[in-house]
Amino acid sequence: MSYVETLLGTDQPFLTDGGFETWLFFQQGFEAPEFAAIVLMNDEGARQAMRRYFDGFLTMAASTRTGFVLDTNTWRGCTGWGPALDKSASEMLRLTMDAVYFAKELRNGWESRVSPILLNGVVGPAGDGYAPGEVPDVGLAREMHRPQIDCFAHEGVDMVSATTMTNTSEAIGITQVAVDVGLPVVVSFTVETDGSLPTGEPLGEAIDRVDAATGHAPIYYMVNCAHPDHFLDALKTGEDWVGRIGGIRANASRLSHAELDLAEHLDDGDPEEFGTLYSKISDLLPNLLVVGGCCGTDHRHVGCVSNHLFTKVAA
């Protein structure tokens, strides 16, 4: 059993952050092509903003004595994104390494106050996180994502997470590569307003398919980049796959992915309602361990989640 699996087996809750990209671009005014915040690792002003951002969430974790899953800024860091970002494959991997070093510096500054802090190498989809486009087969997914996952293994992250997955074959390929290099892996699917993946596959079937293809390799599954109302009904079925979900990072907005793509302004929803909805989710997920936010969420939303699920302790 890995270090991460041992920690997660203790039932200690973990916080994580919110909508990192939407916070940087919509609220802080930074710009990057293709929503690829990884290129901002070269921008000192952005790095300072990132420190403030994560410091705020780590302060919450310290106040509730939860652990923290600390993501790397690598969601759009697959080497296949290089041409669209005017970066070579080697430059993309250098940015991934820089993002890991940055996260390690953050952890070093907080680990005396928050424990444990799990360093999570984020692997995003090689295509659009809102639409599957051309779905890669498992072999191609392995080939596309191996360079970045190899980099994570070499730099010593604790785990990797395949986030905003729109299809199962890519999730299977990423999982297989993570197993190959000895890293614990999490798979996080995104769903449409009907609770199914953008490919049309129901969430439960997607989880079962990845488990069947990988020997139940993911240490848990997550749902991210969808409003709680989009998947609550699916969770209410109480089927066996529901017990495989260990994390939720929901969107603030009830808009569909297509509507969010066209939106010119950030829809940040209602933070207090967001926290209340997480209470309902918690009642449905017996193995929920990791909570945070996704698009449109910030410290307010995750703070409300924390207030609803965890008890603050005296400093």
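The values are calculated or read from the model by the stated rules, or taken from the named source; none is laboratory data. Just so you know, these numbers come straight off a predicted model, no measurement behind them. No Cβ is skipped: glycine too gets one built from the backbone with ideal geometry, and neighbour counts run over all protein chains shown.
For the range 234-265, name all the residues that are of a type in the set (D, E, K, R) and either in contact with a helix residue (DSSP H, G or I) (Cβ under 9 Å, 6 or more places away or on another chain) or modelled with pLDDT under 95 (or both). Within the range 234-265, 236, 239, 240, 244, 254, 259, 261, 264 qualify. Residues in the range 32-70 that are among the charged types (D, E, K, R) and farther than 12 Å from residue 20 by Cα: 34, 43, 44, 47, 55, 65. One residue stands out in the range 25-37 among those that are in a loop (DSSP other than H, G, I, E, B) and hydrophobic (A, V, I, L, M, F, W, C): the one that is surrounded by the most Cβ atoms within 10 Å (Cβ to Cβ), namely 36.
Among the residues making up the range 38-54, those that are farther than 16 Å from residue 75 by Cβ and part of a helix (DSSP H, G or I) are 42, 44, 45, 47, 48, 49, 51, 52.
Taking the range 91-114 as the range and being farther than 15 Å from residue 155 by Cβ and assigned to a helix (DSSP H, G or I) as the test, the residues that pass are 91, 109, 110. Checking each residue in the range 277-315 for being polar (S, T, N, Q) and either under 20 Å from residue 65 (Cα atoms) or loosely packed, with under 15 Cβ neighbours inside 10 Å (or both) picks out 279, 282, 287, 306, 307, 311.
Conditions (1) over 27 Å from residue 218 (Cα atoms); (2) surrounded by 15 or more Cβ atoms within 10 Å (Cβ to Cβ); (3) among the aliphatic types (A, V, I, L, M), marked per residue:
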site: 1; (1), (2), (3): no, no, yes
site: 6; (1), (2), (3): no, no, no
site: 9; (1), (2), (3): no, no, no
site: 18; (1), (2), (3): no, yes, no
site: 23; (1), (2), (3): yes, yes, no
site: 39; (1), (2), (3): yes, yes, yes
site: 48; (1), (2), (3): yes, no, no
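Among residues of the range 55-66 that are part of a helix (DSSP H, G or I), those with a beta-carbon under 8 Å from a residue that is hydrophobic (A, V, I, L, M, F, W, C) and surrounded by fewer than 18 Cβ atoms within 10 Å (Cβ to Cβ) at least six positions away or on a different chain give the pairs 63/313; 63/315; 64/310; 64/313. Could we say that residue 98 is acidic (Asp, Glu), closer than 23 Å to residue 10 by Cα, surrounded by 17 or more Cβ atoms within 10 Å (Cβ to Cβ) and under 20 Å from the mean Cα position of the chain (by Cα) here? The answer is no for residue 98. Could you tell me whether the range 9-20 includes any residue that is part of a helix (DSSP H, G or I), under 16 Å from the mean Cα position of the chain (by Cα) and in contact (Cβ under 8 Å) with a residue 60 or more places away in the chain? Looking for residues that are part of a helix (DSSP H, G or I), under 16 Å from the mean Cα position of the chain (by Cα) and in contact (Cβ under 8 Å) with a residue 60 or more places away in the chain, one finds none in the range 9-20, hence no. Filtering the range 280-315 to residues that are part of a loop (DSSP other than H, G, I, E, B) and either free of Cβ contacts under 8 Å to residues at least 40 places away in the same chain or among the hydroxyl-bearing types (Ser, Thr, Tyr) (or both) leaves 297, 311, 314.
Quick one: would you say residue 271 is farther than 29 Å from residue 4 by Cα and crowded, with 18+ Cβ neighbours inside 10 Å? Considered against the rule, which asks whether it is farther than 29 Å from residue 4 by Cα and crowded, with 18+ Cβ neighbours inside 10 Å, residue 271 comes out as yes. Restricting attention to the range 67-98, the residues that are in contact with a Gly (Cβ under 8 Å, 6 or more places away or on another chain) and either on the phi > 0 side of the Ramachandran plot or touching a residue at least 24 places away in the same chain (Cβ under 8 Å) (or both) add up to 11. The one condition from (1) among the small types (Gly, Ala, Ser); (2) under 14 Å from the mean Cα position of the chain (by Cα); (3) farther than 23 Å from residue 117 by Cα that residue 250 does not meet is (3).
Scanning the range 261-279 for residues that are in a helix (DSSP H, G or I) and of a type outside the set (Val, Ile, Thr) gives 261, 262, 271, 272, 273, 274, 275, 277, 278, 279.
Okay, residues lined up against (1) surrounded by 22 or more Cβ atoms within 10 Å (Cβ to Cβ); (2) modelled with pLDDT under 95; (3) out of contact with any Pro (no Cβ under 6 Å at 6 or more places or on another chain):
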position	(1), (2), (3)
73	yes, no, yes
102	no, no, yes
122	yes, no, yes
133	no, yes, yes
145	yes, no, yes
155	no, no, yes
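Being over 16 Å from the mean Cα position of the chain (by Cα) and either charged (D, E, K, R) or closer than 26 Å to residue 246 by Cβ (or both) is true of residue 43.
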